[in-house]
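Participant: The structure that follows is given in the form of structure tokens.
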Amino acid sequence: MRIVLLGAPGAGKGTQAELLCRKYNNIPKISTGDMLRTAVSNNTLIGQAVKAIIAKGQLVDDDLMSKLVIERISKSDCENGFLLDGFPRNVAQAEALEKAHISIDYVIAVKVPDEEIIIRLSGRRTHLASGRVYHIKFNPPKRPDQDDVTGEPLAHREDDSEETIRKRLQIYHQQTEPLIAWYQEHFPEKLIRIQGVGSVQDIESQIDKAIHQKRQFNWKDGVIE
Ligand code: AMP
């Protein structure tokens, strides 16, 4: 199974990504945000180059991002599928996947109003090593500020400040949202639109139902999955 999760920062992609990866035989989650944050914390050359861009909430260069993702997908653990979280972020990146002949089964677009996102992100805490996400009020860790699995400290991301969140939302609406129309035009049989407001379980079951319906529909229409 090859899945793209599309949605604004804070739309719940990380949470749903975990559930989907588990459901589909532990396919790897490829989160470009996590990859970049790891590079920053390891102080690699790429990390040094992108640190300030991330802190400002801007987008990293398309060619660099496409190269990183295409390289990652060529690894053997992606043979049976993968889930992309945070990539593609614009039409140029989607076209780079096309050019590399990387086909996707489902593109799941999760929609959440901006004001809800600001509330969510300002309370978000992340376990940087795994990408596991919590919310101090809506999804708190078992012990305050500690990851449930490893017990390691959780971080409040620098780019989760209100000012940077607003900037990231603006970029999302300008650059990433048009991708939904792009997928609708080029691959309508793959696009699934979900309302991302409600409990984690509600959203999970909306996604399940939509994938099930698409599978039946695509099968009936003779479209190869
Ligand atoms: P995220 O965790 O997906 O919200 O990503 C955090 C930050 O990493 C973004 O605000 C961008 O600065 C950068 N980033 C992540 N993915 C991409 C991408 N596909 N293209 C460009 N920049 C990205």
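The values are calculated or read from the model by the stated rules, or taken from the named source; none is laboratory data. What you see is a predicted model, and the numbers here were worked out from it, not measured in a lab. As a convention, Cβ positions derive from the backbone with ideal geometry for all residues, glycine included, and neighbour counts pool all protein chains shown. With ligands, DNA and RNA removed, areas are computed over all heavy atoms of the protein, side chains included. Shrake-Rupley method; radii C 1.70, N 1.55, O 1.52, S 1.80 Å.
Participant: Write down, largest first, the equivalent ellipsoid semi-axes of region 31-118 in whole Å, where each equals the square root of 5 times an eigenvalue of the alpha-carbon gyration tensor.
Facilitator: Whole-Å semi-axes of the equivalent ellipsoid: 21, 19, 13.
Participant: Among 54, 138, 32, whose Cα projects farthest towards the positive end of the dipole of the chain, with charges put on the beta-carbon of Lys, Arg (+1) and Asp, Glu (-1)?
Facilitator: Farthest towards the positive pole: 138.
Participant: Give the carbon-plus-sulfur fraction of the accessible surface of the chain in %, rounded to a whole number; probe 1.4 Å, heavy atoms of protein chains only.
Facilitator: The nonpolar share, carbon plus sulfur, comes to 51 percent.
Participant: Please go through the residue pairs 75/111; 29/137; 23/167; 167/209 and name each one whose alpha carbons sit more than 29 Å apart in this structure.
Facilitator: In this structure, 75/111; 23/167; 167/209 lie more than 29 Å apart at Cα.
Participant: Could you provide, to the nearest whole Å², the per residue accessible area of region 18-155 with probe 1.4 Å?
Facilitator: Solvent-accessible surface per residue comes out at 53 Å².
Participant: Now for a separate question. What is the magnitude of the charge dipole of the chain about its Cα centre, with +1 placed on the Cβ of each Lys and Arg, -1 on the Cβ of each Asp and Glu, and no other charges, expressed in debye to the nearest 20?
Facilitator: Magnitude of the dipole: close to 320 debye.
Participant: Also, I was wondering about something else. Restricting to bridges with both residues inside region 93-197, how much of the DSSP beta-bridge set is antiparallel, in percent to the nearest 5?
Facilitator: DSSP beta bridges in region 93-197 are roughly 60 percent antiparallel.
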